[in-house]
Amino acid sequence: MKQLFSLRRSLLDSRGATLVFVALLLVVLLGVAALVVDIGYAAVVRNELQNAADAAALAGARQLGANYEPLSMADQQAYVCDRATVTAPVIAVAGQNEAANASISVLGGDIVIGKWNATTRGPITEDLNQPDAVQVTVRRDSEINGPVSTFFARVLGINTYDAGATATAALTGTMKVDPGELIPVGLSKDWVGSTPTFCGQPIKFNPSNAASGCAGWNTYTRWPANTAYLRDTILEGWLSGTFTSPGAEWPVDFVFYGNTPGATLLTAFENLFNYMKTRDTDEDPDTWSVYVPVYDNGTGCSNPTGTLPIVGFAAAKITSISGPPDHLINAVVVCDLVEPTSRGGGNDYGVKGSIPGLVR
């Protein structure tokens, strides 16, 4: 009989211990549920905020590009942004998004208009003088849109939390040049370089060497390249209206003419220059504004020849043609130029597209 009572007492004690263990386990399970559900939901909210920031930044940068589109080259380089024209679409587009079932508002201080540095790729600072980027931070906190409510984390005393996301969209190097804009001459990537030190620098397209600007003649995609085709079909045909330089989209390969062209080729180019300088859109009757393909021959400033990859496009303003014995095409590289309705995403050699992309 004593053994039965002892067994019964032992079972009751075990049952009490089990109840305590189950109670503790429930607390642990609720904590795990809080981690799984609330952390998972936090990731969803973070994605929603990022989508809103991305869309808002793109809207602001696209408005920035649209502001540049109707401006002349000179006006673009003197452009000072009216902040309100860019912040308005940012706020409007952000308001079309939701995060954690709440509509999104953006504070003016969370919108930064400035210049994108493709080398450092860091946050931009406010600069309304020729800006090319818009940075937007979207938040849910006590200051704007309210903090995000939790679910099971309330058991742990966490009722709300702050969340936010930042995006930067910018006008970057143009990927495309329209027909009639590219001249049959290219600049070496080694001369242009990866920093804007080439901006405003004089170049001499012929001969091709380090002092002149590492340039070379090309026949676009036509093979083989020779003086007769350059002179008769391209230059004289352009002048007579039977030829238009093709458009190009990066990446593309062009065919380069490795020999030094003779005086007849320079004469044909001079005739074309004299015709075009009074008919282009740069509002300067003494210069011809053109686009120049930037090539990579892998050998620095050696004379380019054969089929070479085009890695981007630069803008140049041809100022004069030097006759015999120099036979030079004199020009200056132009930077801070936005090509209307052209898409960015290419390498930056001074020409940007007015259609932006996300960069950060």
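None of the figures in this text is laboratory data; all of them are computed from the coordinates on show. Since this is a predicted model, take the numbers as computed values, not measurements. Note that we place each Cβ from the backbone using ideal geometry, even for glycine, and neighbour counts take in every protein chain shown.
Figures for the structure shown
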{"quantity": "Residue-averaged [θ]222 nm for the chain, counting only DSSP H segments that reach four residues, each worth -39500 (n - 2.57)", "calculated": "-9000 deg cm²/dmol"}
{"quantity": "Nearest-0.05 FRET efficiency for Q77 and D232, computed from C-beta distance (R0 35 Å)", "calculated": "0.40"}
{"quantity": "With Cα atoms, 0 to 90° folded angle of helix 39-68 axis to the chain main axis", "calculated": "20 degrees"}
{"quantity": "Extended-chain gain in nm, criterion 0.36 nm per residue less alpha-carbon gap, A263 and R121", "calculated": "46.5 nm"}
{"quantity": "Where labels lie 7 Å past Cα in the beta-carbon direction, separation of S320 and I144 in nm", "calculated": "5.4 nm"}
{"quantity": "Note, ³J(HN,Hα) from phi for the range 72-82, Karplus 6.51, -1.76, 1.60, rounded to Hz, x at Gly and Pro", "calculated": "6, 4, 5, 5, 4, 6, 10, 5, 10, 6, 7"}
{"quantity": "Top positive-direction residue, dipole computed over the chain with Cβ charges, set L358, S149, T85", "calculated": "S149"}
{"quantity": "Per-selection Kirkwood Rh - the range 229-276 (Cα, Å, 1 d.p.)", "calculated": "11.9 Å"}
{"quantity": "Antiparallel content of DSSP bridges confined to the chain, in %, to 5", "calculated": "85 percent"}
{"quantity": "Calculated FRET efficiency for the pair T307/L128, C-beta based, R₀ 51 Å, to 0.05", "calculated": "0.70"}
{"quantity": "Nitroxide proxy distance, nm - points 7 Å out along Cα→Cβ at L358 and V44", "calculated": "2.0 nm"}
{"quantity": "Under the Debye formula (equal points on every Cα, no solvent term), log10 I(q)/I(0) of the chain at q = 0.09, 0.14 Å⁻¹", "calculated": "-0.63, -1.06"}
{"quantity": "Rough spin-label spacing in nm, given labels placed 7 Å along Cα→Cβ, for E283 and R222", "calculated": "3.5 nm"}
{"quantity": "The chain: angle of helix 263-276 to the longest principal axis, Cα-based, in degrees nearest 10", "calculated": "70 degrees"}
{"quantity": "Of P251, P184, P304, the one that fluctuates the most in a GNM where the chain has Cα springs shorter than 10 Å", "calculated": "P251"}
{"quantity": "Shape category assigned to the range 176-358 from the gyration tensor of Cα positions, a/c cut at 1.5", "calculated": "rounded"}
{"quantity": "Sites matching trypsin sites (Lys or Arg not before Pro) across the range 91-166 that sit in DSSP coil, with at most 11 neighbouring C-beta atoms within 10 Å", "calculated": "R121"}
{"quantity": "Exposed-site-free run, longest, the chain (rule: GluC sites (Glu not before Pro); DSSP loop; at most 16 other C-beta within 10 Å)", "calculated": "1-142"}
{"quantity": "The range 97-109 - phi-based ³J(HN,Hα) in whole Hz, Karplus 6.51/-1.76/1.60, Gly and Pro as x", "calculated": "10, 10, 9, 6, 6, 10, 5, 9, 10, 10, 7, x, x"}
{"quantity": "Table column - 3J(HN,Hα) (Hz), the range 345-353, Karplus curve with 6.51, -1.76, 1.60, x for Gly and Pro", "calculated": "x, x, 6, 8, 10, x, 10, 10, x"}
{"quantity": "Reachable lysines, given that their alpha-carbon falls under 25 Å from the alpha-carbon of K189 and they are not under 8 places away in the same chain", "calculated": "K115, K176, K204, K317, K352"}
